[in-house]
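Accompanying notes for the structure given below.
The values are calculated or read from the model by the stated rules, or taken from the named source; none is laboratory data. None of the values given here were measured: they were computed from a predicted structure. Please note: Cβ atoms are built from the backbone with ideal geometry, for glycine as well, and neighbour counts cover all protein chains shown.
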């Protein structure tokens, strides 16, 4: 579905948070009574006359009420109750959970309401990679886009496309710091695995930052763009975005899952789709070459253990293929340490040429902050790879 140029960015988001509140859903504390009393036990106590008895009776009733309230809250927070609330929300919001599919991939999106306007939200990286997309709500209703009304967030991986009025949407959390806390139950709805079915993935909010939130709901490929729903309030608090595999001190890896907050976007850029896709292609090509430089590092890092000194991978970059092939040819003819050093220096020079191949003007000419940021991150990775090349080749 072709989308027209955007010249009508969404309304400004609320001001960023000035502080964060961290607490658990059911904080533990000292009980007012060592042994909770039921109503019969309370009434069978020895009668005491006067004001002291009244105060004691009030204290007992208050303690009993708090104990009952805590029990109810604990039951509501249990897995079964969370599953039921998640399922109920999906039944109610089938028209607002959207499966996104295109020629080169799939993702998720959702319809939400803010300030009397209706938007379809997803990740910028979903719209950058899924070309000629189709947008299918779970209930197969039709989404009517408002011409020329798409915007991409600055500093967040979020994109919005405004819809025609006349429908509802998922409410968005506006009072984040007052209503949301670490350990709150959440659910993520989306196109898990790109399988064209909406799944509900339960979990909890385990981290809060100024731009992002961390969750333990086990999101996968295809969940990019999914709404993160705060179950207690029934409001969207973020957009599921990415997963990392962090190295722990123990040597093990820990999978972590993140989303971008909806309430802290300060600035939006209107989308002109031809320009948006052109910059997406530029960044994708740059990132592909960065990935090939990583493969070249793995290849050269194991060179001393190989008897057959030939290129291991079929690289898309002609310059990278030529650099490695020339190095292996020279390596076969090395007769002295001086010749070996010359071959290594020539290879390092060629690798630097590949790493620094695109001109600086490409980065400076990006219109969209999202792609400028993606390019800068990949550029930083290349710098680290070059340091590793120097380290292993000098050995």
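Within segment 172-215, count every residue that is more than 12 Å from the chain's Cα centre (by Cα) and part of a loop (DSSP other than H, G, I, E, B).
First, the residues of segment 172-215 that are more than 12 Å from the chain's Cα centre (by Cα): 172-187, 189-210.
Still in the running and part of a loop (DSSP other than H, G, I, E, B): 173-175, 180-184, 191, 195-198, 209-210.
Residues in segment 172-215 being more than 12 Å from the chain's Cα centre (by Cα) and part of a loop (DSSP other than H, G, I, E, B): 15 in total.
Being under 20 Å from residue 102 (Cβ atoms) and in contact with a strand residue (DSSP E or B) (Cβ under 7 Å, 6 or more places away or on another chain) narrows it down to one residue among 123, 168; which is it?
Details: 168 fails: under 20 Å from residue 102 (Cβ atoms).
Every option except 123 fails the conditions.
If the condition is being surrounded by 14 or more Cβ atoms within 10 Å (Cβ to Cβ) and closer than 23 Å to residue 383 by Cβ, then segment 323-353 contributes 323, 324, 327, 344, 346, 347, 348, 350, 351, 352. Would you check which residues across segment 190-232 are closer than 26 Å to residue 267 by Cα and either surrounded by fewer than 20 Cβ atoms within 10 Å (Cβ to Cβ) or touching a helix residue (DSSP H, G or I) at 6+ places or on another chain (Cβ under 6 Å) (or both) and list them? Matches in segment 190-232: 207, 209, 210, 211, 212, 214, 223, 224, 225.
When you look at residue 110, is it buried (at least 24 other Cβ atoms within 10 Å of the Cβ) and assigned by TED's automatic domain parsing to the domain that holds residue 95, yes or no? Judged against the criteria, residue 110 is a match.
For segment 314-335, a tally of residues being at pLDDT below 90 and under 12 Å from residue 289 (Cα atoms) returns 0. Considering every residue within segment 255-277, establish whether at least one is within 18 Å of the chain's Cα centre (by Cα), surrounded by fewer than 17 Cβ atoms within 10 Å (Cβ to Cβ) and in a strand (DSSP E or B). Yes.
When restricted to residues that are modelled with pLDDT under 95 and assigned to a strand (DSSP E or B), segment 217-234 contains 0.
Kindly indicate which of 367, 289 is within 30 Å of residue 266 (Cβ to Cβ) and either surrounded by 15 or more Cβ atoms within 10 Å (Cβ to Cβ) or touching a strand residue (DSSP E or B) at 6+ places or on another chain (Cβ under 9 Å) (or both). Please lay out each step first, then the result.
Numbers: 289 fails: within 30 Å of residue 266 (Cβ to Cβ).
Of 367, 289, the one residue that is within 30 Å of residue 266 (Cβ to Cβ) and either surrounded by 15 or more Cβ atoms within 10 Å (Cβ to Cβ) or touching a strand residue (DSSP E or B) at 6+ places or on another chain (Cβ under 9 Å) (or both) is 367.
Flag not set for residue 168, criterion: at negative phi, in the same structural domain as residue 238 (by TED's automatic domain parsing) and without any contact (Cβ under 8 Å) to a residue 60 or more places away in the chain. Screening residue 242 with (1) touching a helix residue (DSSP H, G or I) at 6+ places or on another chain (Cβ under 9 Å); (2) in the same structural domain as residue 140 (by TED's automatic domain parsing); (3) outside any strand (DSSP E or B); (4) farther than 18 Å from residue 170 by Cα gives one miss only, at (3).
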